[in-house]
Structures are given as C-alpha cells and as structure tokens.
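A short worksheet on the structure shown next.
We did not get these values from a lab; they are worked out from the coordinates using the rules stated. Note that this is a predicted model, so its numbers are computed, not measured. With ideal geometry, Cβ positions are generated from the backbone for all residues, glycine too; neighbour counts draw on all protein chains shown.
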Ligand SMILES: Cc1cc2nc3c(=O)[nH]c(=O)nc-3n(C[C@H](O)[C@H](O)[C@H](O)COP(=O)(O)OP(=O)(O)OC[C@H]3O[C@@H](n4cnc5c(N)ncnc54)[C@H](O)[C@@H]3O)c2cc1C
C-alpha cells in the first residue's frame, strides 16, 4: 500500500470500478458522486454495481395520477399540479426549505476565491424567512448537513455543503454560504458558476449527516482528512464542536480538538495557508487569494488556539503521508487504547456496525438507539471513539478509507480499506478511532 496519497488520489487508488464510463476523466479530476439517500427515488444497487453519478429529477416520485377514468377537468388539474410540483415550481403549502421539493433562494453575493472555486451566498425570500431561519438553526444544531441544488433546464441535482455562518445574524437572516468548485465539463457546477447576484437557485434539504457528538461520546479528538471542497464538512464540525461548545455544556469534560489535514491540487486553492503558516517558497508560485473563507479559518484558529489546526498539503509539493496521519492521531505518543471496548452491536461506537450504516440514519436513530457499550458491571471507563473523517471526492475517500457501498438501495459506509484500513490492521490503537467516510 502506498503510504502517500495526493489530493488527486485517483492515481494512488485502485481505479474507478463504479464509474467505468468516467475512467479517463477521473485520472485527473476530483468529483463527488454521492447520490442522496432518499428511498423514494433510489434504485437498488449492489455493492459492485456502478451507482448514479447524480440525482436526476426524473427519478423523483411522480404524483400518483391514478389509473381509473376521471372527468377531463380533474385530469387536467391533476396533470397541471403534478407537473408544477414535478419541477418544484409550485406554490407549496410550505415554501421554506424542505426535503421533498425545491424552493427558490436569491443569490446575494458571489466571491471568486480561486480560478476554479467561488463562494455563493444565498438568502431565502423574505416571506418565509422565520421558517427558514429555524430550519437552518436546527441544521447547525445537528452539525453536519448538506442541501441539494437543482439545474432546472437539465433537471439534475447535486449536493452542496453549507459553510458555517460567519455570525449569528447570518442564520437569522436566512443566509447560507457554499464553497463550490467548477469542474471541467461538470453540468451543475458550471451552471452555478454562470449564475450572478440577483439570480435564483433552487434548494432541497436539509439532509443531515452523522451525529458527531453521539459518536464521540467521552472522546475529544476529531481528525479530518479533507480533499478540496471537502473542507466544508470539516468546518461544519469545527463550528459544532468548538464554537457551540463554548456556549453550551458538552459531553466531554476535557478539551475538544479538531485537526484538519487539507489537501488541494494547487496552492491557489489552499485558502488561509499563507496567513496561518507564513509564506513558503512554494506558496509564492501561486498565492491563494484572501477571502471570507481565509478569514473564517483564521478566526477559528484565533478563537480556539491549539484546539483547531489545519495542515495544508498541495500536490505539487507533497501528498498526505501515513506519517502525517499518525501525527494527527497522536499515535506516536499514545501507548495503549484508552476507550472501553465497544459493544459490537452498539450503533454509535462499534466499527462493525458502522460498516453497514448510512450517515443520514443517525438523525432518525438519535432517540431510538442508545449506546450499548457499557455492561452493568463494567468499571467507569470512558466510552466513545475519536473520529477520523475523510471528506472529499469519491476517489479521495477511496484512497484513504475505501469506497462507500450501495446495499439494499442505501449508500452505506462499507469496510474501512485504503490507507486507514491498512493502519487499522496493524495497529490496535486504531481501535480508539472510528473512521467516517463523508
Ligand atoms: C454530500 C455532498 C456534499 C458536497 N458538497 C460540495 C460542496 O460543498 N462544494 C462542491 O463544489 N461540491 C460538493 N459536492 C460535489 C457536488 O455534489 C458535485 O458532485 C460537483 O459539483 C460536480 O457536479 P457537476 O454536475 O458539476 O459535475 P458532473 O456533471 O457530475 O460531472 C463531474 C465531472 O465528471 C465529468 N464527466 C461527467 N460525465 C462524464 C463521462 N461520461 N465521461 C467522462 N467524464 C465525465 C465531467 O466533465 C465533470 O468534470 C458534494 C457532494 C456530496 C455528495
């Protein structure tokens, strides 16, 4: 197993069996291809079958028009209403952000942060502001979340991950920011890149990700291995654990820490690098612009000091190596596993159970399922797991943690393979770390 993997890690991974039609392209580009996990429009895929590269609106459930004979008027009405909601264009009862239909938001700012990446800030129309603001608050309270955006002409949709708010006022104003990379030939990202301030985007969601606090339990450390725009979920977690923990009680008695290893193909995409680490000789070759994301990263570090760190990696200089991950996990220093052995059936802390869950399930299971790691007579050992999260394009995730799988119509985590998998096989201290693929 190669111990170094670049952010274009497809070169180091074992190819793209799930996307055979894209093989040539994927040798050089990053792209995520995770379809959302909504049973209503999900086909059933085996673990080896290729999966859809996008959410096609054509796959969405059609209104049931019935099979019996109906008066002409009702048929027309049904078709009109059905078509309108099909395209997500109808005046719905609830026009705020929701998981079943797309609702319009206005673009209020567009910030180009590198030659290929930009930050879109969108705001909901005034009439539905209070409802949207409360939905955004709930999503930020959960921590990890994304929304789908649609391309109305092609009727396709893709997931995008909101960047944490810069201040509380942003959430109250119904605003959300997204870091988006324009992919060569990418349908959705090119469409978004052409939109301007004043245009509308159509959103559906929120789609919740893992419940990070539940999975941490008594543990305190989160390490993110992030590729490209995979920085967004890493910042969401930093926001949830560090910003929120200063205002509310946390499960953790000690100090929470979020450490990010951020890989980019080019230095111009390494936002905040120069400001945080000083200008390196290499960095002079393509300096990243100052941006709201740069300021956000600097602010996190200013506020949280050692609890928040980012290490930058640029393909031209060097790739993330096993030694970098060892250092981030503190494996050199730590002698023994510190956490109680997880009960194999515990849905929050068992490595075995994690392989078969989807990230969206955590939301529905939060109340239903309790941690089962502590048998009655066990001494008071800490219970939980530190987290290694791998976020970014499919090939990036595959190289570090193995690919996700499709099973029974759901995208599940699948076994931990890749670089982290090989580390797990040889080092028992890795038992303290749950690997989450995002
Ligand atoms: C949970 C989640 C969160 C995400 N968050 C973000 C985010 O915050 N920011 C962000 O930028 N992205 C994010 N993504 C990725 C995003 O959803 C899209 O995958 C990405 O924007 C590319 O979509 P696209 O429609 O532009 O590209 P696509 O049209 O899907 O194409 C992708 C690439 O593949 C190439 N391609 C397509 N078909 C073929 C073919 N047949 N042969 C060869 N090449 C082909 C295209 O040229 C293109 O470059 C996220 C993904 C997920 C799953």
Rounded to 5, percent antiparallel among DSSP beta bridges of the range 212-437: 15
Ranked 277, 294, 372, criterion: other C-beta atoms within 10 Å, fewest first: 277, 372, 294
Additional length obtainable on full extension of the chain from residue 109 to residue 355, 0.36 nm per residue less Cα span: 84.6 nm
Length gained when the stretch residue 155-residue 134 is fully extended (0.36 nm per residue, less Cα-Cα span): 4.7 nm
Cα pair distances of the range 128-281 binned at 5 Å [whole percent]: 2, 8, 15, 19, 18, 17, 12, 6, 3, 1, 0
Kirkwood-based Rg to Rh ratio, the range 327-438, C-alpha trace: 0.97
Percent of C-alpha pairs per 10 Å bin, the range 212-437, short to long: 8, 32, 36, 19, 5, 1, 0
Label-point separation in nm, residue 244 to residue 327, each point 7 Å along Cα→Cβ: 3.1
Cα gyration tensor category, rounded, prolate or oblate, for the range 116-160 with a/c compared to 1.5: prolate
Computed FRET value (nearest 0.05) for residue 255 with residue 431, which takes r as the C-beta separation and R₀ as 25 Å: 0.70
Contact order relative to length of the range 103-208, as percent, for alpha carbon pairs under 8 angstrom and 6 or more apart: 40
Estimated FRET transfer efficiency when R0 is 51 angstrom, pair residue 196-residue 422 (beta carbons, to 0.05): 0.60
Global form of the range 103-208, assessed from the alpha-carbon gyration tensor, a/c cut-off 1.5: prolate
Gain in span if fully extended, residue 289 to residue 99, counting 0.36 nm per residue against the direct Cα distance: 64.9 nm
Sites residue 345 and residue 306 - FRET efficiency at Förster radius 45 Å, r taken between beta-carbons, to 0.05: 0.80
